[in-house]
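The values are calculated or read from the model by the stated rules, or taken from the named source; none is laboratory data. Just so you know, these numbers come straight off a predicted model, no measurement behind them. Neighbour counts run over all protein chains shown; Cβ positions are idealised from the backbone, glycine included. The protein model used for the area step is the full one, side chains on, heavy atoms only, and it has no ligands, DNA or RNA in it. Shrake-Rupley method; radii C 1.70, N 1.55, O 1.52, S 1.80 Å.
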Amino acid sequence: MALHLQCSVLDQKTWNKIIKKQVMEGNTKEAFLTYRQMQETGTSVPDNFTYPVLLKAVSNLSYGRVGLALHAQIAKTGFDNHLLVQTSLLNMYSSVKRIDEARKVFDSMQDRDVVAWNSMLDAYVSIQKMDFAIRLFRIMPKRDLLSYNIMVSGYAKIGEMDCARAIFDEIPERDTISWNSMILACGNHGDMGEARKVFDEMPQRNVISWNTLLGAYLNNGLFEEVILLFEKMKADKTISPDYLTVTTSLSACARLGLLEKGREIHLYAHDSRIISSPHVTTSLIDMYAKCGCVESFLTVFYKSRVRDVYCWNAMISGLALHGYGVVALKVFDEMLQRTNPDDITFIALLSACSHSGLIKEGQALFDSMEIDHGVARKMEHYGCLVDLLGRAGFLESAYTVIATMPFRAGKSVLGALLGACVNYRNLVIGEKVVKILVNDAFLNDGDYMMVSNLYASCDRWDEANHWRAMMNDSGIVKTAGSSSIEVGNKMHKTVAGGVCNRMAVLGYVMGGFTTSTILGRRWQV
């Protein structure tokens with residue numbers, strides 16, 4: 001009763017302040033309760049300041065139905081003709097991916113400022129409808145820097161480097177966002193030479209500039225360049241690496257197997273006081289696991305104060321990689337007491353079961369995903385189940401999974417079963433898999449060799465030779481195998497058949513070092 005009396009004396013401005021404060025603090029439910037209470041008192045009504053705040057709350061949470069209901073209430077009050085409310089409605093519909101409704105709001109606006117035009121532009125870019133976006137961009141009566149940046153960023157996300165460059169060259173006065181988006185466009189297009197050129201030409205850089213180029217190198221498989229750029233950034237000393245810089249560099253170390261460089265970056269993260277970031281923790285666990293240091297990634301995990309789902313997933317994946325399936329299941333039980341699993345968790349768990357021969361446990365986890373944890377099964381989960389059954393020799397069951405799964409079997413799923421058929425010399429199931437691969441035109445050099453090996457394992461030498469000949473006739477060249485060795489914080493790669501390369505690396509090791517690191521272990525040379 002006292003609360004009701006207190007609320008009844010609040011003026012319009014105070015109500016709006018309370019709602020805005022609740023939204024800014026993330027208390028969306030309380031904000032809508034206050035909005036309802038405001039209406040119930042009868043002393044104040046929502047206005048053109050109330051609705052934009054509530055629409056922003058809906059946008060942040062992507063609550064489409066709530067947004068529709070709120071739009072209906074706005075229409076009843078007559079504020080749907082107010083420019084600020086209309087722009088907020090446009091942004092709300094964009095955030096919940098209702099672009100047609102956003103366009104209806106936009107078309108109904110009698111007065112459109114550049115903010116409204118940019119909001120509609122951003123709505124199209126958010127769903128990658130760049131053809132609609134460019135048409136709208138060209139008829140804009142007035143553009144600002146944000147208009148150009150939205151377009152460059154949109155083309156960057158889909159790797160349309162030439163289109164991004166065309167807009168970039170039109171910008172009257174660029175800012176750092178413009179340059180960073182252009183780097184991303186080049187990187188996503190795969191032209192790292194151009195990406196580096198844009199980076200080098202920048203008049204000013206921020207940490208995002210460095211991280212964008214680092215991420216582009218990583219995504220394009222140029223892992224050595226990631227490490228070199230990280231070292232350049234540290235030596236530059238104008239901008240300090242942040243958690244994303246460190247995680248990207250650690251990922252490169254993991255892919256290269258550069259244990260010693262990974263340890264250096266670990267020490268840097270500790271000295272720079274970014275070691276507490278869960279992103280850094282996750283990357284450290286992944287790096288140590290892929291470099292073969294089980295004790296190190298266990299230490300990192302159990303010393304970390306903040307563990308999100310990604311940290312737990314990295315931990316389970318590391319255990320799976322090294323065949324500790326039973327331990328991975330125990331860690332999962334511990335995880336359930338602290339956080340909810342996601343789809344990556346179950347990929348890691350199923351992989352752990354597969355590498356440890358835990359058939360019943362793996363099937364039970366697969367069955368429990370949707371029922372007990374609300375995690376939808378994806379192609380990767382079916383692939384893990386097929387691999388689990390195939391490794392254990394249950395080839396009929398594995399094929400049944402492929403035949404009954406709700407997706408069309410992908411390359412990795414079929415490859416897993418075909419590999420199992422080779423191991424168990426099962427020509428009946430193997431030929432069924434080969435038929436699917438041929439029909440879907442999935443065959444690459446590895447598949448041709450695997451099919452040849454399948455027939456060879458069953459003493460069907462004519463068919464084995466036939467598949468080898470088919471690979472040669474089709475012009476497909478078998479990718480040469482390779483191996484790597486870490487020497488002096490650098491990874492030296494040798495290709496199968498490259499005798500000169502192997503001897504050169506061996507001579508380099510013998511001449512200058514007494515030890516080298518291979519898969520996380522130190523060996524005397």
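Anything in the range 336-353 that is crowded, with 20+ Cβ neighbours inside 10 Å and in a helix (DSSP H, G or I)? List them, or say none. Steps first, please.
Initial filter on the range 336-353 (crowded, with 20+ Cβ neighbours inside 10 Å): 341, 345-346, 348-353.
Listed by number, the residues that qualify are Thr345, Phe346, Ala348, Leu349, Leu350, Ser351, Ala352, Cys353.
If only one of Ala420, Ala416 is under 30 Å from Leu336 (Cα atoms), touching a Gly at 6+ places or on another chain (Cβ under 7 Å), of a type in the set (A, V, I, L, M) and modelled with pLDDT under 95, which one is it?
Numbers: Ala420 fails: under 30 Å from Leu336 (Cα atoms).
After applying the criteria, what remains is Ala416.
Which numbered condition in (1) more than 24 Å from Ser240 (Cβ to Cβ); (2) modelled with pLDDT of 95 or more is the only one that Asp286 fails?
(1)
Quick one: which residue in Thr247, Thr238, Thr212 is within 23 Å of Thr345 (Cα to Cα) and out of contact with any Pro (no Cβ under 6 Å at 6 or more places or on another chain)? Give the derivation first.
Working: Thr238 fails: within 23 Å of Thr345 (Cα to Cα); Thr212 fails: within 23 Å of Thr345 (Cα to Cα).
Answer to the selection: Thr247.
Quick one: in the range 398-423, of everything that is assigned to a helix (DSSP H, G or I) and of a type in the set (Gly, Ala, Ser), which residue is farthest from Val451 (Cα to Cα)?
Pass one, the range 398-423, residues assigned to a helix (DSSP H, G or I): 398-404, 411-423.
This time we only want the ones that are of a type in the set (Gly, Ala, Ser), so: 398, 403, 412, 415-416, 419-420.
Details: Ala398: 18, Ala403: 20, Ser412: 15, Gly415: 10, Ala416: 12, Gly419: 9, Ala420: 11 Å.
The residue in question is Ala403.
State which residue pairs qualify: first residue over 18 Å from Tyr93 (Cα atoms) and inside the range 31-56, second residue β-branched (Val, Ile, Thr) and open to solvent by 30 Å² or more (accessible area, probe 1.4 Å) in any location, beta carbons under 6 Å apart, and separation of 6 or more residues or different chains.
That search, which allows pairs on different chains as well, returns Thr34/Ile18.
Select, from Thr41, Thr28, the only residue that is in contact with a helix residue (DSSP H, G or I) (Cβ under 6 Å, 6 or more places away or on another chain), more than 22 Å from Gln86 (Cα to Cα) and surrounded by fewer than 19 Cβ atoms within 10 Å (Cβ to Cβ).
On the way: Thr28 fails: more than 22 Å from Gln86 (Cα to Cα).
Just one listed residue meets the conditions, Thr41.
Is it the case, given these coordinates, that Ser277 is within 25 Å of the chain's Cα centre (by Cα), polar (S, T, N, Q), surrounded by fewer than 24 Cβ atoms within 10 Å (Cβ to Cβ) and farther than 16 Å from Cys353 by Cβ?
Values: within 25 Å of the chain's Cα centre (by Cα): yes; polar (S, T, N, Q): yes; surrounded by fewer than 24 Cβ atoms within 10 Å (Cβ to Cβ): yes; farther than 16 Å from Cys353 by Cβ: yes.
Judged against the criteria, Ser277 is a match.
Looking only at the range 465-487, which residues are over 18 Å from Gly415 (Cβ atoms), open to solvent by less than 60 Å² (accessible area, probe 1.4 Å) and at pLDDT 75 or above?
Selection gives Ala469 alone.
Hey, could you check the range 432-449 for residues that are farther than 16 Å from Ala420 by Cβ and open to solvent by 70 Å² or more (accessible area, probe 1.4 Å) and say which is modelled with the lowest pLDDT?
Residues of the range 432-449 that are farther than 16 Å from Ala420 by Cβ, as a first pass: 435, 438-445, 448.
Of the ones still in play, those that are also open to solvent by 70 Å² or more (accessible area, probe 1.4 Å) are 435, 438-439, 441.
Working: Lys435: 88, Val438: 83, Asn439: 82, Ala441: 67.
Filtering the range 432-449 for residues that are farther than 16 Å from Ala420 by Cβ and open to solvent by 70 Å² or more (accessible area, probe 1.4 Å), the one modelled with the lowest pLDDT comes out as Ala441.
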